[in-house]
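For reference, the structure discussed in these notes is given below.
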Amino acid sequence: MYKTITVEVRKLKYFYGVLSILGLVIPYMQFVPWLGENGFNLSLLLSEAAANRISSFAWLDILASVVVLIGFILYEGRRVGVKYQWLPIVGTLTVGVSLGLPLFLLLREIRMEKMKER
């Protein structure tokens, strides 16, 4: 039974690790070429992000998700004792929820596994 749980935890950590990498790479596949074409032009970035109602809808949804995720990271991270909980917060603010959430879940799973070993 314990061996089965260990294998499942390992698979889950691997899954979260892969999702973290994808959560970094996929959004930046669009952002890096945009930066190459436009440079770091914050006013253009904001104007294109709010170009129409559907763009505004998507960005407001992302903003709400970021606030919820950071709150979850702070609360759950303290509750469980996750080390380096600042990493997924920085990942969320620099890339997005696509990196921050799986990275936090990975760190949380590592912490929970260490707690079970005691």
If the chain between Phe31 and Glu76 were fully stretched, how many nm would it gain, using 0.36 nm times the residue separation less the Cα-Cα distance?
13.2 nm
Quick one: Karplus J couplings for segment 108-117, per residue in order, coefficients 6.51, -1.76, 1.60, θ = phi - 60°, nearest Hz, x for Gly and Pro?
5, 5, 4, 5, 5, 5, 5, 5, 5, 5
Looking at segment 26-81 from every direction and averaging, what is the projected area of its Cα convex hull in nm²?
5.2 nm²
Normalise the Cα radius of gyration of segment 2-117 by 2.2 N^0.38 Å (N = residues in it) and let me know the number.
1.27
Report the one residue of Val82, Val25, Ser98 whose Cα lies farthest in the direction of the positive end of the charge dipole of the chain (charges on C-beta: Lys and Arg +1, Asp and Glu -1; origin at the Cα centre).
Val82
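Can you compute the FRET efficiency between Phe40 and Val68 using 1/(1 + (r/R0)^6), with r the Cβ-Cβ distance and R0 = 25 Å? Round to the nearest 0.05. Could you put the intermediate results ahead of the total?
Details: r = 28 Å, r/R0 = 1.10.
Efficiency for this residue pair is about 0.35.
A short reminder: the numbers here are calculations on the coordinates, not readings from a lab. Bear in mind that the values here come from a model prediction, so they are computed numbers and not experimental data. When we count neighbours, we look across all protein chains shown, and the Cβ atoms used for this are built from the backbone with ideal geometry, even at glycine.
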